[in-house]
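These notes are about the structure you will find just below.
The values are calculated or read from the model by the stated rules, or taken from the named source; none is laboratory data. Because the structure is a prediction, the values reported are computed rather than measured. Using ideal geometry, Cβ is built from the backbone for each residue, glycine included, and neighbour counts are taken over all protein chains shown.
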Amino acid sequence: MNEQQNSNIAEGINRNLLPRHVAIIMDGNGRWAKRRGLPRSDGHAEGVNTVRRITRLSSDLGIDYLTLYAFSTENWNRPKEEVDTLMHLISWALEREIPELLANNVRMLIIGDLDRIPEGPRNVLLGCLEKTAHCTGLRLVLSLSYSSRWEITEAAKKIARRVAAGELSIDNIDEATISDSLATKGIPDPDILIRTGGEKRVSNYLLWQIAYSEFFFTDTLWPDFDGAEYRRILEEFAGRERRFGKTSEQVNPKSN
Ligand code: FPP
């Protein structure tokens, strides 16, 4: 998408009703490629273009956090060739985008088990984190070698160690203790979770953090997900009433 199309899509959006944090399960790259008789890697490469498009648009709109499920803990079980391709594609694409990220004041963050990522791509990724560390605009949070159960297990270990060391008493463990022990420490919970590619499940993603997120499922395959569809989702979100367990009257007294 060029600059002009992007600014048209952002036009007329009520920025006060935008989500602060959008999380996306990017699904459907493989099917996109298969339908065209192409190798799966071509679908992932095309998926990178959608990452660029949606990152640019989120940044233009002033969204604070965009979190993308780029590689799950379970994805390590894919054929080695696909895993290698994905690791190199992701690290190569991110490194290539550094000038654009810097020009747009986008800071990159990573959540996930970086220790499992091969040294070459890991060093590239760590370099990207460092180069964008001073940026104060959109935070692009990449989930790499991430799964919620891994994250929660690690959090449980961290808390248990603090208790064992006498730094924390069991009675003082509260929701904030758990949130602050997760990989997403300091990041607000997602307001929206979008899943492309037609499946209606959350696949071990941000299970603690999506307690009150609004869900959007679309059949569109990730490489085909465009600014117009993203805009429609943001508009629908603006019209939804979020009650966080309260009544409609409590959250919106004026309209009742
Ligand atoms: C799901 O499609 C997609 C992935 C497992 C990888 C997503 C990765 C990218 C879009 C590249 C990310 C790049 C950057 C720069 C963050 P699938 O392969 O499961 O598709 P299928 O369900 O159709 O088989």
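Numbers for the structure displayed
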| quantity | calculated |
| --- | --- |
| Pair list, Cβ under 6 Å, 6 or more apart: region 74-90 residue β-branched (Val, Ile, Thr), other residue part of a helix (DSSP H, G or I) | THR85/SER41 |
| Those residues of region 49-60 which are crowded, with 21+ Cβ neighbours inside 10 Å and over 16 Å from ALA10 (Cα atoms), in sequence order | THR50, VAL51 |
| Scope region 186-201; condition in contact (Cβ under 8 Å) with a residue 12 or more places away in the chain, farther than 25 Å from ASP174 by Cα and part of a loop (DSSP other than H, G, I, E, B); matching residues | THR196, GLY197, GLY198, GLU199, LYS200 |
| Members of region 202-231 that are within 13 Å of the ligand (Cβ to nearest atom) and assigned to a loop (DSSP other than H, G, I, E, B) | SER203, ASN204, TYR205, ASP219, THR220, LEU221, PHE225 |
| Residue match in region 147-154 (condition: outside any helix (DSSP H, G or I) and either in contact with a Pro (Cβ under 8 Å, 6 or more places away or on another chain) or modelled with pLDDT of 95 or more (or both)) | yes |
| Leading residue by the ranking (nearest to ASP60 (Cα to Cα)) among those in region 108-126 that are under 17 Å from the mean Cα position of the chain (by Cα) and either part of a helix (DSSP H, G or I) or within 15 Å of the ligand (Cβ to nearest atom) (or both) | MET108 |
| Residue check for ILE110: touching a Phe, Trp or Tyr at 6+ places or on another chain (Cβ under 9 Å), buried (at least 20 other Cβ atoms within 10 Å of the Cβ) and at pLDDT below 95 | no |
| Any chance ILE13 is in a helix (DSSP H, G or I), among the β-branched types (Val, Ile, Thr) and away from the ligand (no atom under 13 Å from the Cβ) | no |
| Test: ALA183 is in contact with a helix residue (DSSP H, G or I) (Cβ under 9 Å, 6 or more places away or on another chain), in a loop (DSSP other than H, G, I, E, B) and within 28 Å of HIS44 (Cα to Cα) | yes |
| Near pairs, Cβ below 7 angstrom, 6+ apart or cross-chain, from region 32-54 (within 9 Å of the ligand (Cβ to nearest atom)) to any residue that is at pLDDT 95 or above and not in a helix (DSSP H, G or I) | TRP32/LEU221; ALA33/PRO39; GLY47/MET26; THR50/PHE225; VAL51/LEU68 |
| Among residues of region 16-31, those that are without any contact (Cβ under 8 Å) to a residue 60 or more places away in the chain and within 8 Å of the ligand (Cβ to nearest atom), counted | 1 |
| Within region 61-107, considering residues that are in a strand (DSSP E or B) and more than 12 Å from the ligand (Cβ to nearest atom), the one surrounded by the fewest Cβ atoms within 10 Å (Cβ to Cβ) | ARG107 |
